[in-house]
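Chemist: Could you have a look at this structure, given as structure tokens, before my questions?
Every number here is computed from the coordinates shown, using simple stated rules; none is lab data. In this text, all values refer to a predicted model and were calculated from it rather than measured experimentally. We place every Cβ from the backbone using ideal geometry, glycine too, and count neighbours over all the protein chains shown.
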Amino acid sequence: MESTVNILDGNTFVVSDSSGDIEASPAEPTGMFSYDTRFLSTWVMTINGDRLSPLSIDDLHYFQTRFFLVPGPGTVYSDNKLSVVRKRTVCEGFHEVLTVFNHGDEAAELTIHLEVGSDFADLFEVKDSLEKKGKYSATVESDRLVLGYERQTYNRQTIISTSTKAKLDKQGITFKFRVEPDGKWETEIQVDAEIRGLAGREVHVGHAWGSGRSRSMPEMVQDLEAWVGKAPRLECDWDPLKRTYRRSLIDLASLRFSPTIARSRALPSAGLPWFMTMFGRDSILTSLQTLAFTPELAATTLTVLGEWQGSRLDDFRDEEPGKIPHELRYGEMTAFEERPHSPYFGTADATPLFVILMDEYERWTGDAKLVKRMEYEARAALNWIDEYGDLMGNGYISYQRRNEDTGLENQCWKDSWDAISFRDGTLPKFPRATCELQGYAYDAKIRGARLAREIWNDPALASRLENEAADLKRRFNEDFWVENGEYFALALDGDGRKVDTLSSNIGHLLWSGIVEPDKANALARHLMGPRLFCGWGIRTLAEGEVRYNPIGYHVGTVWPFDNSFIAWGLRRYGFKDEAARVAAGILDAAEFFNGRLPEAFAGYRREETMYPVQYPTACSPQAWSTGAPMLLVQVMLGLEPVGDHLVVEPVLPEGIGHMELLDIPGRWGHLDAFARGRVSVNAQAGLRPQLGVTLPQISRH
Amino acid sequence: MTSATEAFFDGLANRRHEPLLEKVSGCLRVDLDHGKRVDHWFITIKEGDVSVAREGGEPSTIFYAPAAVFEKMATGEMNAMAAMLRGEAATTGDLELAVLLQRLLPGPPTSTGPCRLAHSAAANPDLVRRGAPRISAGYPISTELTVDSTAARAAERR
């Protein structure tokens, strides 16, 4: 497959080949996408009939790329007298500056043709290759070409205009011009995506962070610089970590998204390109990972998710009062209710996680105002846990979809069909109560109690929640414990049977604090043992389970986000060295991916492959993978807000001699954290010191 | 016979205070197109205090829909957000108000909700333990959250 180049701004993004061309096919998900719709599926440039080949590609910013091209197939470079630069910027639709240079000593008569087309496919259709039900149109107006798609009242348009005179027809744009020797020719092309509503009204459904027609390129550059500048600075004697950290900050900036009502506020969307939208679980977990760095993301996540919180029963959308939404989509299939994402509520964890984030946010920032303002939403979320989340009436959160057609079967983070299974591979009956959901419910009650006592001034609610939490913890430690394996079952099935597989979910239980102290040792032993820990990180499912597969999406791969929360959990129960080891493994892997951790990588044993094998997925960067290095830095430094203070209790892994994080924002103003390790790195040229394994170039003190 | 549309606006006016609207202040005008005439409903919100009138000043948000389309929304048969994406209804101005207001519309009348699957427990009484009796913690209960109390109707069916 040819390499693809992604550039994006908010939920508008362009995926093209390395020449900047777009030739979408069912197998090639390239194009210009906006609001979950492909507005451009063909965008192919020729010069005097020849396609162009890339000399180099320059990623200027996450929203801007420059392609340096020459005419011809590019296998053997003939003596080229011409070169072309295509500078593309995504900023509500996209903007392309075409520059042609004549390096020869004779004038050149040239024809540039851009073939243009759109299939207006819904993202869901792109993934599943479905047929379209509406009608297409192409209209040539005096100075622009309008591609349209209509299905009943649904109307989408792609509008293409040029800065210099061009011949427009329904298939594309043609420029004829002459370039003098050593001269150049330039034109600008603008492509706009428009959603047309009733009677031609423009519909605003959301926009990229701070975007809008008025948003200019220099503003976007400034914003990115300000974003990176405002975040804490990381200093460290292990250079790859600094690069990973910087990459994460920039990727996080690119993943910011403002859904409909957030005005200029941004929350992290889930991932590029397929998940540039509001996701309950992903936005919350990413906000939790980044509280020590960019706490404003959490504030928006809470506000926006609160405003979309469920208010009624809707079986199609799996909506219930108080439930936090799972996913919001804007495409045609959502519009015609062929998919339930307007928004869809099929998630059993986002609601307790919402309360957890609210409390953790206040602990870091001291923003009690937000917690006061959102008291109603928090109470509704706490109420959901018992009133609706407890499907069986047995005191545990379970899930079973009501939308049996297009709803999600597994409504926990491991949401693929085979993610939850018994040791022998059989799939459990619904409703399913996965273990981490109970941990989240416990934590939400404990944290809700603190908020009730300290901020809402409701001590009665606080003690009620504490009693419920204590009861839940006691029951959980009995009901989910797998005696002969000494770990917690992955789930209880619809009949109350223990789903006895060993999985990474037990690590989330440590993070939640639901584990009784005398059981924590056994869990840490499992997490760091050879069945779960592969050397790079902890696998989603333990080696030896029937459905274990090192390249199975939720049944054997290693998820950086999962590991970051497990490391946090290990820390919570005092396993500091273990937490540092997990951090080291994941950060080592990050270096192989140039600082950008993928959603997941294969669970092969580290000594087998020596490098982490990427799981084949289209989504990168992924928000909670982007947030993982940040949470791991927090865990290694042992950062913990206590009252108005920030406690720093670092434990660094082998291979890091010192680390400092400067200007950590919070209720204390800004503070610096310093850490010294037990070894220093003697980084020699060409020798990559790896964390987590002892290599000769690491010298011990 | 009162239409569901009128019942929706009456219900809104009667509540005076709506916690779901506490985050916002502003005026939303709902324009319902009857073909020959357009009905206006002005909803004024002040940090959750709601008043409804047929006349008013400059709104911060206009929500527009054919009267028949809105009637379906008011009965819960049609989802407002999907209708907007489809182009059957439109919003201009401050979208936050529109998003918050659509949450007050009822869910589909056929929705049953996640009725406790107690039958499953009854079939296997030894396998499913009953939790400690749960007390409603003084949170908003579902019936208070909707104008047209679908939730209450579903509860009756349980």
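Chemist: Is there a simple number for the mean count of other chain Cβ atoms within 10 Å of the Cβ of residues in A:330-343, and what is it?
Modeler: Across the residues of A:330-343, the mean count of other-chain Cβ atoms within 10 Å is 3.
Chemist: Across peptide A:389-398, what mean number of C-beta atoms from other chains lies inside 10 Å of a residue's C-beta?
Modeler: 5
Chemist: If a/c stays under 1.5 just call it rounded; otherwise compare a/b with b/c (prolate if a/b is bigger, oblate if not). Do that for the protein assembly as shown, with a ≥ b ≥ c from the square roots of the Cα gyration tensor eigenvalues.
Modeler: It is oblate, given that a/c is not under 1.5 and a/b is not larger than b/c.
Chemist: Taking the simple approach of a point 7 Å from Cα along Cα-to-Cβ for both B:Lys36 and B:Glu77, what is their distance in nm?
Modeler: For the pair B:Lys36/B:Glu77, the computed spacing is 2.3 nm.
Chemist: Around A:Leu110, with a cut-off of 10 angstrom between Cβ atoms, what is the net charge of the other residues, counting Lys and Arg +1 and Asp and Glu -1?
Modeler: With Lys, Arg at +1 and Asp, Glu at -1, the neighbours total +1.
Chemist: For A:Thr277, what is the net charge nearby, where nearby means another residue's Cβ is under 13 Å from its Cβ and Lys, Arg count +1, Asp, Glu -1?
Modeler: Charge balance in the 13 Å sphere: 0.
Chemist: Sequence neighbours fewer than 8 away in the same chain don't count; with that in mind, list the lysines whose C-alpha is under 16 Å from A:Lys323.
Modeler: A:Lys445
Chemist: Here's a follow-up. Cα to Cα, under 30 Å, and not fewer than 8 places away if on the same chain: which lysines meet these conditions relative to A:Lys167?
Modeler: Within the straight-line cut-off, A:Lys167 pairs with A:Lys81, A:Lys87, A:Lys132, A:Lys135, A:Lys176, A:Lys184.
Chemist: Below 8 Å, C-alpha to C-alpha, sequence gap of six or more: please give me the relative contact order for the stretch A:96-159 in percent.
Modeler: It comes to 21 percent, rounded to a whole number.
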